[in-house]
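Colleague: Below is one structure. I have some questions about it.
The values are calculated or read from the model by the stated rules, or taken from the named source; none is laboratory data. Since the structure is predicted, the reported quantities are computational estimates derived from the model, not experimental observations. Cβ sites come from the backbone with ideal geometry, for glycine too, and all protein chains shown count toward neighbours. With ligands, DNA and RNA removed, areas are computed over all heavy atoms of the protein, side chains included. Shrake-Rupley method; radii C 1.70, N 1.55, O 1.52, S 1.80 Å.
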Amino acid sequence: MAFFSSVLKRLSRLKSLESDNLDTPMKRCLSSFDLTMIGIGSMMGSGLYVLTGTVAKNTAGPAVIVSFVIAGFVTLLAALCYAEFGARIPITGSAYTYTYVSMGEFWAFLIGWNIVLEYIISAAAVARAWSGYFDEMLDHRIRNFTYEYITGGPWNYPLLAQYPDLFALLLIILGVIITALGANLTSKINSFLTILNICTVILVIGAGLNFVNVNNWKIEGGFTPFGISGIMSGAATCFFAYVGFDFITASAEEAKNPAKSIPIAICTSLAVVAAAYIAASTVVTLMVPYYDIVPEAAFVDTFRHVGVKWLVYAVGVGSLIGMTATFLTAMFVLPRIVFAMARDGLLFAVLAKVNSHTHVPVVATVTLGVLAGILTLVFDLESLVEFLSIGTLLAYTIVAAGVLVLRYEPAEALTIVYKHKNKDTIEMNLKRKDETSPLNSVDSHLHGGEVRESFNGCRTLRNATPGTIPAFAVFIMSIFMFTLAAVIVFCGDALAEARFWVIVIVVIFGSVVLLCFFVLCIHYQNTSIVTFKMPLVPLIPSLSIFCNAMLMMNLSYMTWVRFAVWITLGMMLYFCYGIRHSKLAMTLEEENNDLNRYYIMPTESPCITSSSVDLWQPQSVTTPNNYGSVSEDEEESNVKNKMKKL
């Protein structure tokens with residue numbers, strides 16, 4: 001029993017936010033503009049020209065506009081959670097670091113492990129898509145050359161691509177070189193490409209407005225030919241067009257003023273990308289009837305249809321520019337996650353080494369570049385791309401739950417305050433809010449995690465440790481939200497027929513969710529946060545958890561199987577290496593040893609007799625007994641046993 005208790009404590013140990021942990025060997029050189037360009041570049045790739053037409057024709061019709069609005073709203077819920085964490089915890093790691101602070105080491109490792117795979121597949125997939133799109137513009141000359149001189153024809157092996165994509169491999173190598181030269185250079189190149197992409201999108205949309213026809217929204221079913229179900233299915237697909245704003249928080253350790261820049265960059269980039277997707281879907285569905293759209297090349301075929309050939313080339317160039325920016329941002333943030341995990345001791349220490357000149361984790365950059373290059377070169381990525389969705393949604397869910405946990409943390413929680421020492425560094429100091437602060441009201445950080453006075457009659461709530469009941473409520477609410485989402489998705493037909501048994505299940509699970517939400521509402525929040533705070537807590541994080549659960553339940557079973565396999569591999573690595581090399585574990589062990597070695601209990605205590613005072617002397621002193629001298633380790637063990645008896 002003691003063994004399992006010890007293991008559980010190790011898995012749930014939390015990372016503290018001491019000033020030493022917030023120092024960084026990286027160079028803080030990214031402004032709000034740079035971070036905004038990273039967000040836009042990661043989200044507004046070639047999907048703008050492809051995804052809009054695909055969803056419009058096959059899923060939602062002209063109502064794809066509504067699908068993008070709904071998807072944008074769901075993304076905003078998660079983005080606000082990231083914005084609060086990113087401003088409050090200004091170090092790299094994104095969801096991994098936020099989970100480490102709020103949920104514990106084990107969950108943090110699993111989230112980081114999934115994010116690493118997600119970013120590797122993302123970089124490899126974009127590189128291969130870039131190569132394929134460019135090859136198509138060249139009438140497949142690259143593919144034909146490979147068939148003729150290298151492979152002798154297409155490969156027909158499971159999990160392998162039809163041919164080794166050498167051009168995509170060259171893109172990966174180029175991306176590694178650029179990102180290894182420093183964050184400042186990478187951000188400037190990305191900003192330039194993103195601005196070009198935005199200008200191209202404005203040009204394409206502006207030109208398309210000259211050929212709109214409102215009657216295209218009135219034929220063959222009108223604006224919503226696939227009904228509400230089509231709109232919601234389209235929203236689930238469109239949601240992944242907004243994936244990438246977390247790249248901003250992954251770059252927090254290189255931001256000049258993260259407390260200010262990260263919330264601004266996340267909200268601004270999300271607004272720009274949402275406006276671009278909504279405008280593009282509006283134009284393409286007004287130019288031609290939705291059933292005539294060519295999904296693979298919606299804008300290209302549409303402009304050919306209206307006879308504007310030069311815009312066809314503009315769309316092609318815009319797609320390449322957008323994919324280049326997306327690829328570069330993916331290569332930029334990928335080593336930052338691995339660096340954060342290696343710095344904490346959960347991955348190999350060599351991956352945490354930072355070059356003194358470029359201030360970049362070069363070893364991690366090159367290592368992950370090699371892995372991405374291998375995936376790009378020989379593997380078929382189509383079956384792996386769907387895996388990106390489950391890792392992203394899991395990270396969004398954990399971050400939303402983490403916001404709830406920290407908002408109801410105990411009253412003695414500390415707040416990070418930023419002081420600029422010079423243009424390149426920021427000193428992070430931890431300060432308590434003074435009791436005379438304007439925030440010191442009855443609903444302030446002084447009562448964070450405690451039950452409100454009007455519900456103080458319940459002994460269980462009143463006597464509980466501050467923050468314990470809200471944390472437990474978040475855990476139970478999340479579990480029942482996932483089970484409720486599973487019932488709604490997998491028993492949708494029975495629910496539509498209003499069968500008694502499924503209605504009873506939904507009512508029971510929904511009642512538990514509402515009860516947990518009510519428990520959160522009757523507790524005080526910690527309002528001592530001086531950085532960006534998400535509004536409408538606990539409503540927004542709770543909605544984010546439920547929306548993510550609904551989307552996860554719509555994924556295919558093979559995605560869950562691959563997810564389980566990858567999680568198993570991660571758990572093996574953690575229990576074989578990470579749990580024993582964790583820097584947090586070493587720090588806690590040193591603190592406990594110091595406490596046991598130097599703490600002396602006062603002799604005035606009525607519970608302590610004069611004969612027991614020697615138990616509290618420094619353990620470096622050995623005492624003889626009937627069997628001779630005692631070693632320091634044996635003495636330390638004996639003292640601990642005696643302390644337990646007392």
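Colleague: Go through the stretch 533-553 and give me each residue that's surrounded by fewer than 21 Cβ atoms within 10 Å (Cβ to Cβ) and over 22 Å from Phe240 (Cβ atoms).
Modeller: Passing the criteria: Lys533, Pro535, Leu536, Val537, Leu539.
Colleague: Still on this structure: Do any residues in the stretch 99-121 that are aromatic (Phe, Trp, Tyr) have Cβ atoms under 7 Å from those of residues that are open to solvent by 20 Å² or more (accessible area, probe 1.4 Å) and assigned to a helix (DSSP H, G or I), where the two are at least six apart or on different chains, and which pairs are they?
Modeller: Phe106/Leu11; Trp107/Ile398
Colleague: So, of the residues in the stretch 25-46 that are open to solvent by 40 Å² or more (accessible area, probe 1.4 Å) and in a loop (DSSP other than H, G, I, E, B), which turns out to be modelled with the highest pLDDT? Please lay out each step first, then the result.
Modeller: Of all residues in the stretch 25-46, those open to solvent by 40 Å² or more (accessible area, probe 1.4 Å) come to 25, 27, 33.
Cutting the leftovers down to in a loop (DSSP other than H, G, I, E, B) gives us 25, 27.
On the way: Pro25: 75, Lys27: 79.
Taking the candidates together, the pick is Lys27.
Colleague: Hey, could you check the stretch 453-467 for residues that are part of a helix (DSSP H, G or I) and open to solvent by 70 Å² or more (accessible area, probe 1.4 Å) and say which is farthest from Met103 (Cα to Cα)?
Modeller: Looking only at the stretch 453-467, we keep the residues that are part of a helix (DSSP H, G or I), and these are 453-455, 459-463.
Now drop any that are not open to solvent by 70 Å² or more (accessible area, probe 1.4 Å), which leaves 453-455, 459-460, 462-463.
Details: Glu453: 28, Ser454: 29, Phe455: 27, Arg459: 27, Thr460: 23, Arg462: 24, Asn463: 23 Å.
Checked the stretch 453-467; the qualifying residue farthest from Met103 (Cα to Cα) is Ser454.
Colleague: Also: Which fully enclosed helices (runs of 4 or more DSSP H) of the stretch 57-171 have 1 or more residues being more than 30 Å from Gly467 (Cα to Cα) and not hydrophobic (A, V, I, L, M, F, W, C)? Steps first, please.
Modeller: Values: elements: 64-88, 95-102, 105-137, 141-146.
The helices (runs of 4 or more DSSP H) meeting that bar are 64-88, 105-137, 141-146.
Colleague: So is Ile189 modelled with pLDDT of 85 or more, assigned to a helix (DSSP H, G or I) and either in contact with a strand residue (DSSP E or B) (Cβ under 7 Å, 6 or more places away or on another chain) or open to solvent by less than 30 Å² (accessible area, probe 1.4 Å) (or both) or not? Explain how you work it out, then say what you get.
Modeller: Details: modelled with pLDDT of 85 or more: yes; assigned to a helix (DSSP H, G or I): yes; either in contact with a strand residue (DSSP E or B) (Cβ under 7 Å, 6 or more places away or on another chain) or open to solvent by less than 30 Å² (accessible area, probe 1.4 Å) (or both): no.
For Ile189, the condition - modelled with pLDDT of 85 or more, assigned to a helix (DSSP H, G or I) and either in contact with a strand residue (DSSP E or B) (Cβ under 7 Å, 6 or more places away or on another chain) or open to solvent by less than 30 Å² (accessible area, probe 1.4 Å) (or both) - is not met.
Colleague: List the number of the failed condition for Val502; all other conditions in (1) open to solvent by less than 20 Å² (accessible area, probe 1.4 Å); (2) in contact (Cβ under 8 Å) with a residue 40 or more places away in the chain hold.
Modeller: Tallying (1) open to solvent by less than 20 Å² (accessible area, probe 1.4 Å); (2) in contact (Cβ under 8 Å) with a residue 40 or more places away in the chain, Val502 fails exactly one: (2).
Colleague: Condition first: at positive phi and free of Cβ contacts under 8 Å to residues at least 40 places away in the same chain. Now tell me which residues in the stretch 150-166 satisfy that.
Modeller: Selection gives Gly152, Gly153.
Colleague: Could you say which residue among Ala342, Ala280, Ala276, Ala236 is out of contact with any Asp or Glu (no Cβ under 8 Å at 6 or more places or on another chain) and open to solvent by 20 Å² or more (accessible area, probe 1.4 Å)? Write out each step before concluding.
Modeller: On the way: Ala342 fails: open to solvent by 20 Å² or more (accessible area, probe 1.4 Å); Ala280 fails: open to solvent by 20 Å² or more (accessible area, probe 1.4 Å); Ala276 fails: open to solvent by 20 Å² or more (accessible area, probe 1.4 Å).
Every option except Ala236 fails the conditions.
Colleague: Just one of the numbered conditions (1) open to solvent by 70 Å² or more (accessible area, probe 1.4 Å); (2) within 24 Å of Gly45 (Cβ to Cβ) is not true of Ile150; which one?
Modeller: The single condition Ile150 does not satisfy is (2).
Colleague: Out of everything in the stretch 575-586 that is open to solvent by less than 70 Å² (accessible area, probe 1.4 Å) and more than 29 Å from Arg407 (Cα to Cα), what residue ends up being modelled with the lowest pLDDT?
Modeller: His581
Colleague: Of everything in the stretch 197-246, what is of a type outside the set (Val, Ile, Thr) and closer than 24 Å to Tyr119 by Cβ? Give them in sequence order.
Modeller: Step one: of the stretch 197-246, the residues of a type outside the set (Val, Ile, Thr) are 197, 199, 203, 206-211, 213, 215-218, 220-223, 225-227, 229-230, 232-236, 238-242, 244-246.
Once the filter is applied, which keeps residues that are of a type outside the set (Val, Ile, Thr) and closer than 24 Å to Tyr119 by Cβ, the stretch 197-246 yields Asn197, Ala236, Cys238, Phe239, Phe240, Ala241, Tyr242, Gly244, Phe245, Asp246.
Colleague: Could you grab the pairs with beta carbons closer than 9 Å, sequence gap of 6+ or different chains, first residue in the stretch 349-367 and hydroxyl-bearing (Ser, Thr, Tyr), second one in a loop (DSSP other than H, G, I, E, B) and open to solvent by less than 40 Å² (accessible area, probe 1.4 Å)?
Modeller: Partner pairs satisfying both residue conditions: Thr358/Gly182.
Colleague: Hey, another quick one. Might you let me know whether the stretch 480-487 holds any residue that is in a helix (DSSP H, G or I), modelled with pLDDT under 90 and not polar (S, T, N, Q)? Talk me through it step by step, then tell me what you get.
Modeller: Kept after step one, since they are in a helix (DSSP H, G or I), are these residues of the stretch 480-487: 480-487.
Keeping just the survivors that are modelled with pLDDT under 90 gives none.
Checked the stretch 480-487: no residue is in a helix (DSSP H, G or I), modelled with pLDDT under 90 and not polar (S, T, N, Q).
Colleague: Which members of the stretch 50-85 meet the condition of being more than 28 Å from Pro258 (Cβ to Cβ), open to solvent by 10 Å² or more (accessible area, probe 1.4 Å) and of a type outside the set (Lys, Arg)?
Modeller: Start the filter on the stretch 50-85 by keeping residues that are more than 28 Å from Pro258 (Cβ to Cβ), which leaves 50-70.
Those left that are additionally open to solvent by 10 Å² or more (accessible area, probe 1.4 Å): 50-51, 54, 57-59, 65-66, 69-70.
Passing the criteria: Val50, Leu51, Thr54, Asn58, Thr59, Ile65, Val66, Val69, Ile70.
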